[in-house]
Amino acid sequence: MAGRRNRWRWFALALVVMTVSASAVCQPVEAASSRSAGPAVVTRSLPPARGDRVYGATLSASGGRSPYRWRVAGLPGGLSLSGNRIVGQPTQAGSFQVAVAVTDGAGHQAARTLLLVVLNPAQVDAMARLNADRVALGRHPLGWQLDMSAAAQAWATHLAQTGPPLTHDLSNWRPPCANGPNTAWAENVGYGRTVAEVEAAFMASPHHRPNILNPNFTTAMTAVVYAGGWYYVVQRFTKGC
């Protein structure tokens, strides 16, 4: 229709970073002391949660003396600790730094901070559509790159607040692992009346489609914000993380 405003805008950017590994430098190793006899938190990551589903994650420890007693801080609303399990149904979406501590039967303690990402339904939908397009064309599905969640969601929020023309977050969008050897990353941003409409626009674009279908990417993060009748979508892809 003449004079009708375009329903979406899109831009794409892909960068490749390669580094050369430096030679290893030997360092003296201190002999283990009796202080190493305490417990250690074995759990190194938490699976993502969803606001529309009941959540459960088990915390594990090793060493020291049983029984173990656990404490956590920083959980989103709706989740709590039951024994050594984080359970419940989250009422907040976002990225949360959860402080986990274990005390063994001798009173020795160990602690670790774990990232817990609570996905909103639109994020899950965007990732599912992205992977459906990849699988339909013979590509492997991508896993979640959870450590990119906070920055991606923050940029989607920025785009929703500023509106078109959309831009890339050139200062903060590179994934934390992108300094490793043989690493690549890319970003798509767009907006539309539905998440499905944005994904269709990406697939119809000669700039965005290669990012979605790149066979070298292994993980991704989607972020979605709904504002003013529009869905603002950020897709971030990584290789080597």
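With r defined as the distance between the Cβ atoms of A106 and D52 and R0 fixed at 35 Å, what FRET efficiency is calculated, to the nearest 0.05? Using R0 = 35 Å, I get an efficiency of 0.25. When only Cα pairs below 8 angstrom with a gap of at least 6 residues are kept, the range 86-241 shows a relative contact order of 27 percent.
The calculated FRET efficiency for the pair A132 and H168, based on their C-beta separation and a Förster distance of 25 Å, comes to about 0.50. Close amide H pairs (under 5 Å, H built 1.01 Å from N) link L79 with T91, residues at least 5 positions away or on another chain.
Read the figures in this text as sums done on the coordinates, not as results from a lab. Not measured: the values here are computed from a predicted model. Cβ atoms come from the backbone with ideal geometry, glycine included; neighbour counts cover every protein chain shown.
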